[in-house]
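What follows is one structure encoded as structure tokens, with my remarks underneath.
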Amino acid sequence: MDARYPQPTARYFTIDLLRFKAALAVLLFHYTFRGFAADNLSPVPYPGLSGYTQYGYLGVELFFIISGYVVLLSAYKKTVREFILSRAIRLYPAFWVACTAAFIATYCLGPGRGSKHWSALMDVSLWQYLCNMTMVHKLMGVRDLDGVYWTLTYEIQFYFLIATLLLVNWLRHLPLLMAGWLIYTAVAPFFAYRNPLTILLFPAYSPLFIAGMCFFLLHDHLAVRWQLYLLLLASWGLSLRNGLSYAQLQADYYKTPFSAVVVVGLISSFYVVFWCISTARIRMKERQWLYWAGALTYPLYLIHHNIGYVIYQRLGPFLNNYVLLVGITLLMLAAAYGLHVYIEQPLSQALKRRFSPHKRRYSSVEQL
């Protein structure tokens, strides 16, 4: 496999748009379905929307495909140190601020024990906050402070695997390694859920990361095409298996039916769209709004959950449901803008200067 460094192209703007749509889907899932459906997170129902937005959780599946694509892209022609620094600088500045804001809002403004709006999932502590700030709190046995942080655990695990491949110079063997990973994913349900290999290789979501990597290799002609198509076919099948299994868990938890046809259709559409991107069938011209869509995605994803639910719990009994939905969504977008412009960008640039003062300027890839 050729280890040349792929050059930035217009495909990033398409990915920016996909990321923003995925973040909005997750936000709407939380605000209009999940919060009212279980765990007493929100007192506000949306019967006219929830039948559609209940599938918004699949935005996370799209996020993981995107991560497979852009993280592998960002790893090329980097040392292990450069890769780890670029990913840490990408994740941590916004996360530290969002985690702090979520802790303060939840601890100070969330309903306390004894309140009819109290939820165990919104019961936070200082120790929990401090552990969550490391982003590896799950290794300490500490619960997520915010309901979206679980996905970051998988991102960190994926980064660890890519960093390991960089360390041993095995990226050139990636198709073979992905084949082995898919085989383990296929047989993982027959093993104990918490065995070390399952924790390391996270088979519940690995097909999505593998698909993203395959699409990247396909676009940049870094592996044999027929091998990549076989890997994509296998990852698609396993993604459907895992997706349908999780949809059944969702149905049982929320006491709401989830359509297998919709789940299969949405997951399959993610593969089709990425295939179109990878084969240059979809190209988007550079637009300023696409840049902002991509830039706001990560802070919006981080900040919307706990803070949004606190607002719902405080204002839900007094305002129209849809006025509240639009208002909170706009507020979260404004908060994401402020977080990106006034905190994430300056802090990221300072960290880049501090840790890589004599290195090349970080490319736009690091912003994905």
**Study point:** Filter result for Arg194 (within 23 Å of the chain's Cα centre (by Cα) and over 23 Å from Lys78 (Cβ atoms))
**Key:** yes
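Yes/no per residue for (1) at pLDDT 90 or above; (2) small (Gly, Ala, Ser); (3) assigned to a helix (DSSP H, G or I); (4) surrounded by fewer than 18 Cβ atoms within 10 Å (Cβ to Cβ):
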site: Pro257; (1), (2), (3), (4): yes, no, no, yes
site: Tyr271; (1), (2), (3), (4): yes, no, yes, no
site: Arg281; (1), (2), (3), (4): no, no, no, yes
site: Trp289; (1), (2), (3), (4): no, no, yes, yes
site: Tyr298; (1), (2), (3), (4): yes, no, yes, no
site: Ile343; (1), (2), (3), (4): yes, no, yes, yes
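Could you pull out the residue among Ser348, Ser363, Ser356 that is among the polar types (S, T, N, Q), at pLDDT below 85 and touching a Pro at 6+ places or on another chain (Cβ under 9 Å)? First the steps, then the outcome.
Values: Ser348 fails: at pLDDT below 85; Ser356 fails: touching a Pro at 6+ places or on another chain (Cβ under 9 Å).
Going through Ser348, Ser363, Ser356 in turn, just one is among the polar types (S, T, N, Q), at pLDDT below 85 and touching a Pro at 6+ places or on another chain (Cβ under 9 Å): Ser363.
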Check your understanding: Going through region 171-195 one residue at a time, which ones are of a type outside the set (A, V, I, L, M, F, W, C) and out of contact with any helix residue (DSSP H, G or I) (no Cβ under 7 Å at 6 or more places or on another chain)?
Key -> Arg172, His173, Gly180, Pro189, Tyr193, Arg194, Asn195
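Would you point out which residue out of Leu319, Leu315 is hydrophobic (A, V, I, L, M, F, W, C), touching a Leu at 6+ places or on another chain (Cβ under 9 Å) and without any contact (Cβ under 8 Å) to a residue 12 or more places away in the chain? Talk me through it step by step, then tell me what you get.
Numbers: Leu319 fails: touching a Leu at 6+ places or on another chain (Cβ under 9 Å).
None of the others qualify; the one that does is Leu315.
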Review point. Would it be correct to say that Ser125 is under 29 Å from Gly338 (Cα atoms) and surrounded by 21 or more Cβ atoms within 10 Å (Cβ to Cβ)?
Key: no
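Specify the residue that is nearest to Tyr337 (Cα to Cα); the eligible residues are those in region 53-102 that are of a type in the set (D, E, K, R) and within 17 Å of the chain's Cα centre (by Cα).
Residues of region 53-102 that are of a type in the set (D, E, K, R), as a first pass: 61, 77-78, 81-82, 87, 90.
Retained after the next criterion (residues that are within 17 Å of the chain's Cα centre (by Cα)): 61, 87, 90.
Numbers: Glu61: 24, Arg87: 21, Arg90: 16 Å.
Applying the filter and picking the extreme gives Arg90.
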Exercise for review: Check region 306-327 and report whether any residue there is in contact with a helix residue (DSSP H, G or I) (Cβ under 7 Å, 6 or more places away or on another chain), under 30 Å from Leu73 (Cβ atoms) and surrounded by 14 or more Cβ atoms within 10 Å (Cβ to Cβ).
Suggested key: no
Check your understanding: Can Tyr253 be described as among the aromatic types (Phe, Trp, Tyr), in a helix (DSSP H, G or I), over 23 Å from the mean Cα position of the chain (by Cα) and on the phi < 0 side of the Ramachandran plot?
Key -> no
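Yes or no: Asp16 among the acidic types (Asp, Glu), surrounded by fewer than 21 Cβ atoms within 10 Å (Cβ to Cβ), in contact with a Leu (Cβ under 9 Å, 6 or more places away or on another chain) and in contact (Cβ under 8 Å) with a residue 24 or more places away in the chain? Spell out the reasoning first.
Values: among the acidic types (Asp, Glu): yes; surrounded by fewer than 21 Cβ atoms within 10 Å (Cβ to Cβ): no; in contact with a Leu (Cβ under 9 Å, 6 or more places away or on another chain): yes; in contact (Cβ under 8 Å) with a residue 24 or more places away in the chain: yes.
Considered against the rule, which asks whether it is among the acidic types (Asp, Glu), surrounded by fewer than 21 Cβ atoms within 10 Å (Cβ to Cβ), in contact with a Leu (Cβ under 9 Å, 6 or more places away or on another chain) and in contact (Cβ under 8 Å) with a residue 24 or more places away in the chain, Asp16 comes out as no.
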Check your understanding: Quick check: is even one residue across region 147-154 assigned to a loop (DSSP other than H, G, I, E, B), among the polar types (S, T, N, Q) and out of contact with any Pro (no Cβ under 9 Å at 6 or more places or on another chain)?
Key -> no
Practice item. For region 30-54, name all the residues that are touching a helix residue (DSSP H, G or I) at 6+ places or on another chain (Cβ under 6 Å), touching a residue at least 24 places away in the same chain (Cβ under 8 Å) and not in a helix (DSSP H, G or I). Key: Ala38, Asp39, Leu41, Ser42, Val44, Pro45, Tyr46, Gln54
**Study point:** Residue pairs meeting the criteria (Cβ under 9 Å; at least 6 apart or on separate chains; first closer than 17 Å to Leu315 by Cβ, in region 106-127; second part of a helix (DSSP H, G or I) and among the acidic types (Asp, Glu))
**Key:** none
Exercise for review: Could you check, for region 241-250, whether at least one of its residues is at pLDDT 95 or above and charged (D, E, K, R)?
Suggested key: yes
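Could you check region 83-122 and list, in sequence order, the residues that are part of a loop (DSSP other than H, G, I, E, B), of a type outside the set (Ser, Thr, Tyr) and surrounded by fewer than 18 Cβ atoms within 10 Å (Cβ to Cβ)?
Step one: list which residues in region 83-122 are part of a loop (DSSP other than H, G, I, E, B), which gives 110-119.
Now drop any that are not of a type outside the set (Ser, Thr, Tyr), which leaves 110-114, 116-118.
Gly112, Arg113, Gly114, Lys116, Trp118, listed by residue number.
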**Study point:** Where Thr151 falls short, out of the listed (1) surrounded by 15 or more Cβ atoms within 10 Å (Cβ to Cβ); (2) over 30 Å from Val44 (Cα atoms); (3) among the polar types (S, T, N, Q)
**Key:** (2)
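Within region 49-91, can you find the residues that are of a type in the set (Ser, Thr, Tyr) and modelled with pLDDT under 95?
In the first step, residues of region 49-91 are kept if they are of a type in the set (Ser, Thr, Tyr); the result is 50, 52-53, 55, 57, 67, 69, 74, 76, 79, 86.
Within region 49-91, Ser74, Tyr76, Thr79, Ser86 meet the criteria.
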Practice item. Would you be able to say whether some residue in region 295-308 is more than 14 Å from Leu24 (Cβ to Cβ) and over 22 Å from the mean Cα position of the chain (by Cα)? Key: no
Practice item. Determine if region 225-243 includes at least one residue that is free of Cβ contacts under 8 Å to residues at least 40 places away in the same chain, small (Gly, Ala, Ser) and over 24 Å from Thr164 (Cα atoms). Key: yes
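Suppose we filter region 161-195 for residues that are part of a helix (DSSP H, G or I), of a type in the set (Phe, Trp, Tyr) and surrounded by fewer than 13 Cβ atoms within 10 Å (Cβ to Cβ); how many remain? First the steps, then the outcome.
Our first condition is that a residue be part of a helix (DSSP H, G or I); within region 161-195, this holds for 161-167, 171-190.
Checking the rest, the ones that are also of a type in the set (Phe, Trp, Tyr) come to 181, 184, 190.
Imposing the further condition that a residue be surrounded by fewer than 13 Cβ atoms within 10 Å (Cβ to Cβ) reduces the set to 190.
Residues that pass the stated criteria total 1.
The values are calculated or read from the model by the stated rules, or taken from the named source; none is laboratory data. Note that the coordinates shown come from a computational prediction; the quantities given were computed from them, not determined experimentally. Here the Cβ is made from the backbone with ideal geometry for all residues, glycine too, and neighbour counts use every protein chain on show.
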